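Scroll down for the structure; my scribbles are underneath it.
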Amino acid sequence: MNPLRIALLGTGLLGHSIAERLLLGNNPLYVYNRSRSKAEDLVSLGATLCNSPAEAIKAAEGIFLVLTDAKATAEVLALAEEKTSFRGKTFFQVGTISPDETLELDRQITQRGGYFVALPVLGSKNEAKKGTLLLMFGASEELYHKWHDFLSQLGQVFFVADPKKAAALKLALNQLIISSIIGFSLSFSLILKEEIHPELFMSILRKSALYCSTFDKKLPRLLKKDYSSANFTLELLLKDLRLCLEELEKLSIESAPLKTSKTIIEQALKRGYGDKDYSALFEVVFAPHPMNEKSPEIIVEKNPSPSKLTELGVAHWPLWEKDISSFDWHYEEKESCYILEGEAIIYVENKEPLKINKGQLVMFPAGLSCRWEITSKIKKHYRIG
Ligand SMILES: NC(=O)c1ccc[n+]([C@@H]2O[C@H](COP(=O)([O-])OP(=O)(O)OC[C@H]3O[C@@H](n4cnc5c(N)ncnc54)[C@H](OP(=O)(O)O)[C@@H]3O)[C@@H](O)[C@H]2O)c1
């Protein structure tokens, strides 16, 4: 049998690890990432780096979509749709999106002659690299038989059939990620504040039916307060929580515990942990009102080099413009922008006002609340996330 030609769009934390795993097999792999630099190292492992989503889709018969959310996925596919046909190609939606978003994506891809497979996964970077992900396959039995052996190199494939149910399964499982880390953080905070030795607590817990292996996976991070090199970021956990909340409310399931978790995650984002490992939630549970915690900083680069702008793909970011005006704004997610025209003053509580203007690259951190005063019509390219 000829090897299957595969494309992978989105080499972030998960996509990059899936690509690494796929490159251990014989299937040619075409990768695309908006920020090219995050995919470049895959070339030395055997991948072909594409300049556009269309180029990758054109080359492949199976396409993995491993992008932040439904909006990012739609944007990437929109870049490709006029430049290449989707006919006969199979699209695997790996990123976590809601059941309704899954149905919509299925409709759009099918309408263009492609096959759609909802393929949410449980597991993270390490499981992807080891081939031990749990994959929930939402599409027909025929497609399942065609792709089962190939997908098995990534882990165990569960046949769900209905794409919407595959998406709902993933939300149900991610809800458990949220409640288990918050539950563990509550108990572990109590242990530390009562000055009980953590190892005594863990020894009892490990012997009990309450134990879950995530506790030991996250324990070193909690003890060292090291949430760097995230496996799964808090920003994405909040995205999944919102999807889950929407679903619970639609189904009239009590959502109060999840709403409380949402408040805790939002506090963690305000404290600058958005791009950190999700176990950083422990910091908010352990110390809900930290003393002298610094609010996140706005970073301004006055004269970014043309090569940096090209590498970031600034020219392809969406445009935003606004006339002289003032308004309050809260950044739920990190936002980068490149000012093409105009000037504004940004006011943040307890900080000096900051003037931003033409030619500057500005990074607003997740969790920042500020007031914008546009003093001369602003036009900017921007990127969220
Ligand atoms: N990490 C995990 O353990 C894990 C596990 C299961 C499921 N998931 C799900 O898988 C998806 C990816 O997660 P991740 O952890 O890999 O996230 P990530 O590291 O933040 O990567 C996100 C990817 O999406 C791309 N992207 C975002 N917005 C875009 C846009 N508008 N246009 C083009 N590309 C865009 C990013 O490109 P840039 O590099 O240019 O920003 C990057 O390649 C998410 O839905 C997540 O919930 C993750």
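Overview of values
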| read-out | value |
| --- | --- |
| Calculated FRET efficiency for the pair Arg112/Arg206, C-beta based, R₀ 41 Å, to 0.05 | 0.20 |
| Extreme residue, positive dipole direction of the chain, given options Met136, Gly88, Ser187 (C-beta unit charges) | Gly88 |
| Relative contact order (percent, whole number), the chain, Cα cutoff 8 Å, 6+ residue spacing | 11 |
| Per-residue HN-Hα couplings for segment 153-168 [Karplus 6.51, -1.76, 1.60; θ = phi - 60°; Hz; x = Gly/Pro] | 5, 8, x, 8, 9, 9, 7, 10, 6, 7, x, 5, 6, 4, 5, 5 |
| Unit charges at the beta carbon, dipole of segment 1-92: most positive-side option, Gly12, Leu23, Ser37 | Leu23 |
| FRET efficiency, 1/(1 + (r/R0)^6) with R0 22 Å, evaluated for Lys224 and His197 via beta carbons | 0.85 |
| Computed [θ] at 222 nm, helices only, for the chain once each DSSP H run of length n ≥ 4 contributes -39500 (n - 2.57) | -12500 deg cm²/dmol |
| Under 5 Å, built H, 5+ apart or other chain: amide partners of Lys358 | Gly342 |
| Nearest-0.05 FRET efficiency for Thr214 and Leu45, computed from C-beta distance (R0 35 Å) | 0.75 |
| Thr375, Thr233 arranged by Cβ crowding within 10 Å, fewest neighbours leading | Thr375, Thr233 |
| Residue exposure sequence - Asp69, Asp240 - by fewest surrounding Cβ within 10 Å | Asp69, Asp240 |
| Taking segment 299-384 and dividing mean pair separation by its residue count, relative contact order in percent (alpha carbons under 8 Å, at least six apart) | 44 |
| Evaluated at q = 0.17, 0.21, 0.23 Å⁻¹: base-10 log I(q)/I(0), Debye formula over Cα of segment 299-384 | -0.67, -1.04, -1.24 |
| Geometric extent, Cα atoms of the chain - Rg, Dmax (angstrom) | 22.3, 66 |
| Label-point separation, Lys358 to Ile345 (7 Å along Cα→Cβ), nm | 2.1 |
| Amide H contacts under 5 Å for Lys89, placed H, 5+ residues apart | Tyr115 |
| Per principal axis, descending, Cα span of segment 6-161 in whole Å | 36, 35, 25 |
| Cross-link pairs Lys165/Lys250; Lys218/Lys250; Lys218/Lys276; Lys58/Lys380; Lys170/Lys207 - those with Cα-Cα distance over 23 Å | Lys218/Lys250; Lys58/Lys380; Lys170/Lys207 |
| Extension gain from Ile299 to Glu249, taking 0.36 nm per residue of separation minus the Cα-Cα distance | 14.2 nm |
| Net lengthening on full extension, Ser35/Leu176 (0.36 nm per residue, minus Cα-Cα) | 47.6 nm |
| Total charge dipole magnitude, the chain, about the Cα centre, Cβ charges on Lys, Arg, Asp, Glu only, Debye to nearest 20 | 540 |
| Order of Tyr211, Tyr30 - criterion: other Cβ atoms within 10 Å of each residue's Cβ, fewest first | Tyr211, Tyr30 |
| Segment 299-384 - charge dipole about Cα centre, Lys and Arg +1 at Cβ, Asp and Glu -1, debye rounded to 20 | 260 |
| For segment 256-271, Karplus couplings with θ = phi - 60° (6.51, -1.76, 1.60), whole Hz, Gly/Pro x | 4, x, 6, 5, 5, 4, 4, 4, 5, 5, 4, 5, 5, 5, 4, 8 |
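Values in this text are rule-based calculations from the coordinates and carry no lab data. Please read these numbers as outputs of a predicted model, since none were measured by experiment. In this analysis, Cβ positions are derived from the backbone assuming ideal geometry, glycine residues included, and neighbour counts consider all displayed protein chains.
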